[in-house]
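Worksheet: the structure to be examined is printed underneath.
The values are calculated or read from the model by the stated rules, or taken from the named source; none is laboratory data. If you're wondering where the values come from, they're calculated on a predicted model, not measured in any experiment. Note: ideal-geometry Cβ built from the backbone for every residue, glycine included; neighbour counts use all protein chains shown. Side chains included, ligands, DNA and RNA excluded: accessible areas come from the protein's heavy atoms. Shrake-Rupley method; radii C 1.70, N 1.55, O 1.52, S 1.80 Å.
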Amino acid sequence: MRSFLTTLGMVIGVSAVIAMVAIGDGARAQVDQAFAAMGSNMLVVLSGSTTSGGMRGGFGSMPTLTWEDLRAIQTQVPAVRWAAPQLRATASVLSEEQNWTTIVYGTTPDYFLIRNWRTTRGDLLAQSDVDSGTKSAVLGQTVVDKIFGENADPSATPSG
């Protein structure tokens, strides 16, 4: 009986160690993935803030940065690999049967390089889209699921 209990204790102990190592590795992988999605060595430059009637608008509420500022950062700061503008707004996204309120970003192709974002379907924005003023959208998975249904391919729909 003592031998059985000793063996059982060792099996439980080894199993617990293996489980804890696996959980730790999984948590580490999840944290690494979250940091990779944020982009590495990223610096965000925001315009000033507004104050009206005692209410502060917060950073970025006063659009003081210009396209010339962006070009200066891209060309005159050698340590900068990519620079992308970002205009953020909340908007409703509609399909024939659904609607969803989400955050919409206006940006350039470099934004996806900075954030290290990839697509699962379709293409990201191209510089030719920006230059020609093509109306393009890159949808996140949550928007796709809410508007078109889970695992749907919006590019396969008649309006896509």
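Here are the numbers for this structure:
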| item | result |
| --- | --- |
| Extension gain (nm, one decimal) between E68 and A152, 0.36 nm per residue minus Cα-Cα | 26.2 nm |
| Listed residues I103, V17, V45: farthest to the positive end of the dipole of the chain (Cβ charges) | V17 |
| Two-site FRET efficiency, Y105 against S15, from Cβ-Cβ distance with R₀ of 45 Å, rounded to 0.05 | 0.45 |
| The range 29-118: relative contact order as a whole-number percent, Cα under 8 Å and 6+ apart | 26 percent |
| Extension gain, W82 back to L113 (0.36 nm per residue minus Cα-Cα distance, nm) | 10.4 nm |
| Angle in degrees between helix 67-76 and the longest Cα principal axis of the chain, rounded to the nearest 10 | 60 degrees |
| Geometric extent, Cα atoms of the chain - Rg, Dmax (angstrom) | 24.1, 81 |
| Distance between modelled label sites at V130 and S92, nm, 7 Å Cα→Cβ extension | 3.1 nm |
| Sulfur and carbon atoms: percent of accessible area, the chain [1.4 Å] | 58 percent |
| Solvent exposure of the range 1-111 as accessible area per residue, Å², 1.4 Å probe | 83 Å² |
| Length-normalised contact order for the chain - Cα pairs under 8 Å, 6+ apart - percent | 15 percent |
| Size of electric dipole in the chain: Cβ of Lys, Arg +1 and of Asp, Glu -1, about Cα centre, debye, nearest 20 | 560 debye |
| The range 95-149: relative contact order in percent, alpha carbon pairs under 8 Å with at least 6 residues between | 50 percent |
| Label zone at L43, where the point sits 7 Å out along the Cα-to-Cβ direction: the range 65-104 residues whose backbone N lies under 20 Å | 65-87 |
